[in-house]
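Novice: Structure incoming, see below.
The values are calculated or read from the model by the stated rules, or taken from the named source; none is laboratory data. This one's a predicted model, so the numbers in the text were calculated from it and none came from an experiment. All Cβ positions, even for glycine, are placed from backbone atoms using ideal geometry, and neighbour counts span all protein chains on display. Just so you know, the surface numbers come from the protein's heavy atoms only, side chains and all, with ligands and any DNA or RNA stripped out. Shrake-Rupley method; radii C 1.70, N 1.55, O 1.52, S 1.80 Å.
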Amino acid sequence: MTIDNTIEPTTGIDSRASVSRRFILGSVAATSALASLPTSAFGRQDDTVGDLETVAEFEPPALPENLAIDERGTVYLSMGPSGEIRAVDSEGSQSSVATLETGDQGLLLGITVLDGVLYAANGSGQQETHGVWRVDPEDGEPERIASLSPDESMPNGIMPDPTTSDALLVSDHLGGAIWRVTTEGGAEPWVSDSLLEPDMDAQTPVGANGLAVHPDGDVYVDNLNAGSVMRVPVADDGSAGEVEQVVQDEGLVGADGMTIDEDGTLYVAVNAANEVVRVTDDQEIETLAGGDPLDFPADVHFGTTEETATSLYIANFAYGTFLEDETAAEPSLARVDVGTAGYFPETAGETPDTDERDDSADDDQSGDDANETDDDE
């Protein structure tokens, strides 16, 4: 079943319509050209994190662009060019959940979990398949719930709307906007701003990309071309306030997937620099990981179980290597212990076992400490 409700963006720049489909669809992939920047060229190395560990390896064209993790610890990955959704369970076993049609040059991008159901942003560039899709992991049957204009939009990051249980927020890296898509198929721009727009003169026009929710309830979004992170205040009724730039830094050029820990610290996969960085409260850029086994990291996500609560999972897209030499690409799922747990808002549908973690910890603490933070992404 497909719900056909093609929406034209209200934020378009005239020049966007003239950009060829090949250029638009290749924009994410072409970002690999930035990968010539030296690893660990920016920021300072953080020595407090653990060692990088490879959890799973994949064979091209299974290249993980984005990842989501359910409450059981199963990791779901969107395999960009192939359109496959792959699952890796807590034991490391892999299985194929579904495959979406991405066309000759499209990419399956963002993926998220809401109430046990998968939602994915398909940047196929084809009228019939471009937009937001729903997949039940149990039956693997994909269904498009919202279509977007394949010529003027590129759905990229996706996450549950933190203010409701029946909607998602989807970044549009071409239209300079964030869309609100309901689980029933309604789609409308949630916010648009010049700070979210791509640089249309750049070799790779990619603007609004990774999305995350801060413990204070605001939504954060990064801009790949600008190397910046923005804050979007969220009103009580769920509407978006004025977009504010939090940080802009050369070390964030190539900012892709992003997440936030329970203390409000940002973690960003900077594909261009082949690094994962942490943005401190004073806007300093700390390098958490760089070099092997990282290969064009495109997304990060905190673990959702008691055992993996402080583990930061990393999707190694490996697309730059893949374009140059398919046999040399080493796409993988990696993780590193960063010593703090992720933040997961309660309204984001299916939440991990952090409540159980907190409750068990509270049993060993006094009543004054018992309800300090109850969190999930």
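Novice: Quick one: count up the residues across the range 272-319 that are of a type in the set (Phe, Trp, Tyr) and farther than 13 Å from residue 342 by Cβ.
Specialist: Total satisfying the criteria: 3.
Novice: How about the range 130-159: which of its residues are over 14 Å from residue 173 (Cα atoms) and of a type in the set (Ser, Thr, Tyr)?
Specialist: Residue satisfying the conditions is 147 alone.
Novice: Something else now. Given the criteria farther than 21 Å from residue 345 by Cβ, open to solvent by less than 10 Å² (accessible area, probe 1.4 Å) and not in a strand (DSSP E or B), does residue 147 qualify?
Specialist: Considered against the rule, which asks whether it is farther than 21 Å from residue 345 by Cβ, open to solvent by less than 10 Å² (accessible area, probe 1.4 Å) and not in a strand (DSSP E or B), residue 147 comes out as no.
Novice: Quick check, is residue 265 among the β-branched types (Val, Ile, Thr) and closer than 18 Å to residue 301 by Cα?
Specialist: It is true that residue 265 is among the β-branched types (Val, Ile, Thr) and closer than 18 Å to residue 301 by Cα.
Novice: Have a look at 214, 173 and point out the one that is modelled with pLDDT of 95 or more, open to solvent by 30 Å² or more (accessible area, probe 1.4 Å) and touching a strand residue (DSSP E or B) at 6+ places or on another chain (Cβ under 6 Å).
Specialist: None of the others qualify; the one that does is 214.
Novice: Which members of the range 72-103 meet the condition of being of a type outside the set (Ser, Thr, Tyr), part of a loop (DSSP other than H, G, I, E, B) and buried (at least 18 other Cβ atoms within 10 Å of the Cβ)?
Specialist: Step one: filter the range 72-103 for residues of a type outside the set (Ser, Thr, Tyr), giving 72-73, 75, 77, 79-81, 83-89, 91-92, 94, 97-98, 100-101, 103.
Subsequent filtering for residues that are part of a loop (DSSP other than H, G, I, E, B) retains 72-73, 80-81, 83, 89, 91-92, 100-101, 103.
Answer for the range 72-103, where residues must be of a type outside the set (Ser, Thr, Tyr), part of a loop (DSSP other than H, G, I, E, B) and buried (at least 18 other Cβ atoms within 10 Å of the Cβ): 73, 80, 81, 83, 100, 103.
Novice: Now a separate question. Could you tell me whether any residue of the range 220-242 is open to solvent by 10 Å² or more (accessible area, probe 1.4 Å), under 14 Å from the mean Cα position of the chain (by Cα) and modelled with pLDDT of 95 or more?
Specialist: Yes, the range 220-242 has at least one match.
Novice: Consider residue 202 carefully, then state whether it is open to solvent by 20 Å² or more (accessible area, probe 1.4 Å) and in contact (Cβ under 8 Å) with a residue 12 or more places away in the chain.
Specialist: yes
Novice: Another question, if that's okay. For the range 150-199, give me the residue count where each residue is without any contact (Cβ under 8 Å) to a residue 24 or more places away in the chain and assigned to a loop (DSSP other than H, G, I, E, B).
Specialist: Here the count works out to 1.
Novice: For the range 248-257, give me the residue count where each residue is of a type in the set (A, V, I, L, M, F, W, C) and either open to solvent by 10 Å² or more (accessible area, probe 1.4 Å) or touching a Leu at 6+ places or on another chain (Cβ under 6 Å) (or both). First the steps, then the outcome.
Specialist: Here is the first cut: in the range 248-257, the residues of a type in the set (A, V, I, L, M, F, W, C) are 252-253, 255.
Okay, now just the ones that are also either open to solvent by 10 Å² or more (accessible area, probe 1.4 Å) or touching a Leu at 6+ places or on another chain (Cβ under 6 Å) (or both), so 253, 255.
Here the count works out to 2.
Novice: Assess whether residue 188 counts as being open to solvent by 40 Å² or more (accessible area, probe 1.4 Å), more than 14 Å from residue 83 (Cα to Cα) and out of contact with any His (no Cβ under 8 Å at 6 or more places or on another chain).
Specialist: Taking the combined requirement at face value, the residue satisfies it.
Novice: Looking at 337, 359, 299, can you tell me which residue is among the acidic types (Asp, Glu), modelled with pLDDT under 95 and out of contact with any Cys (no Cβ under 6 Å at 6 or more places or on another chain)?
Specialist: Result: 359 is the single residue among 337, 359, 299 that is among the acidic types (Asp, Glu), modelled with pLDDT under 95 and out of contact with any Cys (no Cβ under 6 Å at 6 or more places or on another chain).
Novice: Does the range 300-323 contain at least one residue that is closer than 21 Å to residue 226 by Cα and out of contact with any helix residue (DSSP H, G or I) (no Cβ under 9 Å at 6 or more places or on another chain)?
Specialist: Checked against the condition, which is being closer than 21 Å to residue 226 by Cα and out of contact with any helix residue (DSSP H, G or I) (no Cβ under 9 Å at 6 or more places or on another chain), the range 300-323 yields at least one hit.
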